[in-house]
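FYI, it's all coordinate maths here, none of it is from the lab. Everything numeric here is computed off the predicted structure, so don't read it as measured data. A quick note on method: Cβ atoms are made from the backbone with ideal geometry, for glycine too, and the neighbour counts reach across all protein chains shown.
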Amino acid sequence: MSGVRVLVGTRKGAFVLSSDGRRERWDVSGPHFAGWEIYHVKGSPADPDRLYASQSNGWFGQVIQRSDDGGATWEPVGNNFGYEGATGTHQWYDGTPHPWEFARVWHLEPSLDDPDAVYAGVEDAGLFRSADGGQSWQELPALRCHPSGPSWQPGAGGMCLHTIILDPSSPGRMFAAISAAGAFRSDDSGQTWQPVNRGLRSEGIPDADAEVGHCVHRLAMHPARPNVLYMQKHWDVMRSDNSAESWHEVSGNLPTDFGFPIDVHAHEPDTVYVVPITSDSEHFPPEGKLRVYRSKTGGDDWEALTRGLPQEHCYVNVLRDAMAVDSLDSCGIYFGTTGGQVYASADAGDNWAPIVRDLPPVLSVEAQTLP
Amino acid sequence: MIRVVLPAHLRALARISGEVEVDVAGQVTQRSVLDALEGRYPVLRGTIRDYGNGRRRAFVRFFACERDLSHEQPDAPLPEAVATGAEPYLIVGAMAGG
């Protein structure tokens, strides 16, 4: 019988949650790398037993861990993330030039077809690639060296490259998003990049519709329709129908359009999920009710999904990399909270139940569908 | 033989328990001890000293013989008691909450 493996990164370690295809009973393994911040764990689409994990802390820096057996055992691999050439400066919070400094890996995106190839999005914003299973890392410097780079500013969480999407239909096309620079697209495997932020409006920057400077929180794509992208921006839920050439708002009837994650149903490219958060100054759900919102129309018309989720006194957040979907026939949706809960729905969001309730604050959630 | 004590997180990372002993050829300095340590346990590279500039990471401290050596020059000789193995060289994670 098919199964699911949910990979959870937290402030104090990684956890692997496993179930058969019914997704009713779960085995919980962890903490792996206890006491370390695990920003992200993700498996290779080409080999589900090949996992990569970003392990870091403020004392001892960055470690990358690799598993070749689905998370049962791990080996540290390469952790030297050196920017290529002169690093230059970006803007600091006070507007002064600040040298690019590596802080940590936020996101690991394994290649779609090669288990040994993996991309890493890092803070300060840069994109790295490994072709040898994480043993060595080379920067793709064109993104950091984009002419707009000196004007980029960090968001409150740091200037992170947090989203990497590989287009399965166009070899060489990839998308990246940086807080707070915006979305970028490459059509040549990362050799050149262009900002793709037309249509975004951000009141928190001097020029509301500037080419760069937007605090994009997350991008999502359905692999069967890669020209359509969804975006959760700092404020606003956005959609593009032309590979991010332009965006239009689809926040519609959401109670608030601030939030972090956004994801797409595995089998329905028009079914989208977000978790509305009260505001940029109140990072918790409106009215203390944890509600996932689902649109079956590609945005604008949204319905609240509440069954099994706390509907009073809930003041957790759901971070940008902390939502995922599986691809079983009845699509499973998963998300983790800063309160340490990981919720699962085996019926596309209609009903929810916690897999675990008391983990450390959850930083990331990924789901693997196993044969 | 130089005795080195690592903090718990780095012992776990290097999969060791207790003290580590390393051989240092030539003068016993913080640099030569750390070079020998990283040579024996490559996984520790980048966790004690920054890859880019080789400097001590900000929240790592070096102690020996009841002295804080964190701000000493990396090529300054370590105390004789460390060089002879009478006293360990301590790599410490700075105290912090969270």
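Results, tabulated for the structure shown:
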| item | result |
| --- | --- |
| Fluctuation leader among A:Y93, A:Y39, A:Y83 - chain A, Gaussian network, Cα springs under 10 angstrom | A:Y93 |
| Stokes-Einstein diffusion coefficient of the protein assembly as shown, Kirkwood radius over Cα pairs, 10 °C, 1.306 mPa s, in µm²/s | 69 µm²/s |
| Residues A:T89, A:T338 arranged by fewest to most Cβ contacts within 10 Å | A:T89, A:T338 |
| Relative contact order of region B:2-93, defined on C-alpha pairs under 8 angstrom at six or more residues apart (%) | 38 percent |
| Averaged over A:86-96, number of beta-carbon atoms from partner chains that fall within 10 Å | 0 |
| Low-density loop positions, GluC sites (Glu not before Pro), region A:83-173 - DSSP coil, at most 16 other Cβ in 10 Å | A:E84, A:E101 |
| Estimated FRET transfer efficiency when R0 is 60 angstrom, pair A:E24-A:A86 (beta carbons, to 0.05) | 0.65 |
| Fully extended contour minus Cα-Cα distance, from B:R55 to B:E80, at 0.36 nm per residue | 6.7 nm |
| Under-5 Å amide H pairs with A:L370, H placed in peptide plane, nonlocal only | A:G3, A:V4, A:R5 |
| Vicinal HN-Hα couplings computed from phi for region A:243-259 (Karplus, 6.51 cos²θ - 1.76 cosθ + 1.60; Hz; Gly/Pro x) | 6, 6, 4, 8, 10, 9, 7, 10, 5, x, 9, 4, x, 7, 9, 8, x |
| Cβ-based exposure ranking for A:H267, A:H234, in which fewest neighbours within 10 Å come first | A:H267, A:H234 |
| Protection proxy ranking, peptides A:212-221, B:69-78, average beta carbon neighbours within 10 Å, highest first | A:212-221, B:69-78 |
| Dipole moment magnitude, nearest 20 debye, the protein assembly as shown about Cα centre, only Lys, Arg, Asp, Glu C-beta charged | 740 debye |
| Residue-averaged beta-carbon neighbours from other chains (10 angstrom radius) around B:87-96 | 1 |
| DSSP-assigned coil residues among GluC sites (Glu not before Pro) in region A:267-322, each with at most 11 further Cβ atoms within 10 Å | A:E312 |
| Overall Cα dimensions of chain B - principal axes, largest extent first, Å | 37, 27, 27 |
| Ascending count of other beta-carbon atoms within 10 Å, so fewest first, for A:F284, A:F81, A:F335, B:F63 | B:F63, A:F284, A:F81, A:F335 |
| Residues of type lysines that A:K296 reaches as a straight line, Cα spacing below 20 Å, ignoring anything fewer than 8 places off in the same chain | A:K233 |
| Sparsely packed trypsin sites (Lys or Arg not before Pro) within chain B, loop by DSSP, other Cβ within 10 Å at most 10 | B:R15, B:R55 |
| Per-selection Kirkwood Rh - region A:70-210 (Cα, Å, 1 d.p.) | 15.7 Å |
| Selected from A:A266, A:P147, A:S170, residue furthest toward positive end of dipole (region A:43-314; charges at beta carbon) | A:A266 |
| Nitroxide proxy distance, nm - points 7 Å out along Cα→Cβ at A:A72 and B:M95 | 4.3 nm |
| Cα-Cα pairs of region A:133-182 separated by more than 15 Å (percent) | 58 percent |
| Long-range tail of P(r) for region A:43-314 (Cα pairs > 34 Å, %) | 19 percent |
| Relative contact order for chain A, counting Cα pairs under 8 Å that sit 6 or more residues apart, in percent | 12 percent |
| Cα-based reach from A:K12 at 25 Å (exclusive), listing lysines while leaving out same-chain residues under 8 positions away | A:K42 |
| P(r) histogram, all alpha-carbon pairs of region A:164-269 included - 5 Å bins from 0, percent | 2, 14, 24, 26, 19, 10, 4, 1, 0 |
| Average beta-carbon neighbours from other chains, 10 Å sphere, peptide B:47-59 | 3 |
